[in-house]
Amino acid sequence: MSTAASLMTADELLRLDREGHRHELIRGQLKEVTLPGYRHGRIAMRIAFSLERQVRRRKLGSVSAAETGFKLESNPDTVRGADVAFVAKKRVASRDPDGHFPGAPDLAVEVMSPSDSSAKAAEKAAFWLRFGARAVVVVDPKALSVVVFRVEGRTSVDAEGTLTVPDVVPGWKLPVSEIFAD
């Protein structure tokens, strides 16, 4: 591993002994990511399950979980993960690496933690969009709401609405009430 004064690479991140922790790499700097709570994981799983079902049925690409790293920059390297991610078939077929996926997912899903603010969630969505995500879904368990971010703006979906991103994942529909069901 690199010394404290030098920057870490994406390859070094892959070989890192994580000892039960999750990490991201931001411009070469290792950042420990707090493991989310149980409700957070259940919500992410509901979304991933619904998304995976649609993607598999229509052979649209691949869905991955939070442990998947997406390499967004090189020299210095940036590697981040979303709670749930979708990559379109044409991109997966040409870049199915053993290491971090090169580039942003087409769709990133972020479930807010209790300590997250709306501003912090919007900042993370803007980050994914800046690196090429076509849409970012931010789920707020406290407000029981969902916001879909795109380069051209955002759309809010309340608890009675249905989450869709038809231009990114054709045919996928998930009632927001199912995301928050206990």
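When residue 123 is tested against (1) of a type outside the set (S, T, N, Q); (2) under 28 Å from residue 181 (Cα atoms); (3) within 12 Å of the chain's Cα centre (by Cα), just one condition goes unmet, and that condition is (3). Checked against (1) under 21 Å from residue 45 (Cα atoms); (2) within 18 Å of the chain's Cα centre (by Cα); (3) among the acidic types (Asp, Glu); (4) at pLDDT below 90, residue 110 passes all but a single condition, namely (4). Contact map, region 144-169: first residue touching a residue at least 40 places away in the same chain (Cβ under 8 Å), second residue part of a loop (DSSP other than H, G, I, E, B) and of a type in the set (Asp, Glu), Cβ cut-off under 6 Å, separation 6 or more or different chains; pairs are 168/106. Of the strands (runs of 3 or more DSSP E) lying entirely inside region 46-99, the ones with 1 or more residues being of a type in the set (Asp, Glu) are found at 70-73.
With respect to the conditions (1) within 16 Å of residue 48 (Cα to Cα); (2) over 16 Å from the mean Cα position of the chain (by Cα); (3) outside any loop (DSSP other than H, G, I, E, B); (4) of a type outside the set (Asp, Glu), residue 154 lacks only one, and its number is (1).
Among the residues of region 116-140, write down those that are in a loop (DSSP other than H, G, I, E, B) and either without any contact (Cβ under 8 Å) to a residue 24 or more places away in the chain or in contact with a strand residue (DSSP E or B) (Cβ under 7 Å, 6 or more places away or on another chain) (or both).
116, 117, 131, 133, 134
If the condition is being closer than 19 Å to residue 9 by Cβ and in contact (Cβ under 8 Å) with a residue 40 or more places away in the chain, then region 71-82 contributes 71, 72, 73, 74, 76, 77, 78, 79, 80, 81. For region 42-51, filtering for residues that are out of contact with any helix residue (DSSP H, G or I) (no Cβ under 8 Å at 6 or more places or on another chain) and either within 12 Å of residue 111 (Cα to Cα) or buried (at least 17 other Cβ atoms within 10 Å of the Cβ) (or both) leaves 5. When residue 39 is tested against (1) under 27 Å from residue 142 (Cβ atoms); (2) surrounded by 15 or more Cβ atoms within 10 Å (Cβ to Cβ); (3) modelled with pLDDT of 90 or more, exactly one condition is not met: (2).
Does residue 109 meet the test of being in contact (Cβ under 8 Å) with a residue 12 or more places away in the chain, farther than 20 Å from residue 55 by Cα and either in contact with a Ser or Thr (Cβ under 6 Å, 6 or more places away or on another chain) or among the hydrophobic types (A, V, I, L, M, F, W, C) (or both)?
So residue 109 fails the test.
Residues that are part of a loop (DSSP other than H, G, I, E, B) and under 20 Å from residue 112 (Cα atoms) were ranked within region 6-36; the one that is modelled with the lowest pLDDT is 21.
The values are calculated or read from the model by the stated rules, or taken from the named source; none is laboratory data. The structure displayed is predicted, hence computed values, not measured ones. Please note: Cβ atoms are built from the backbone with ideal geometry, for glycine as well, and neighbour counts cover all protein chains shown.
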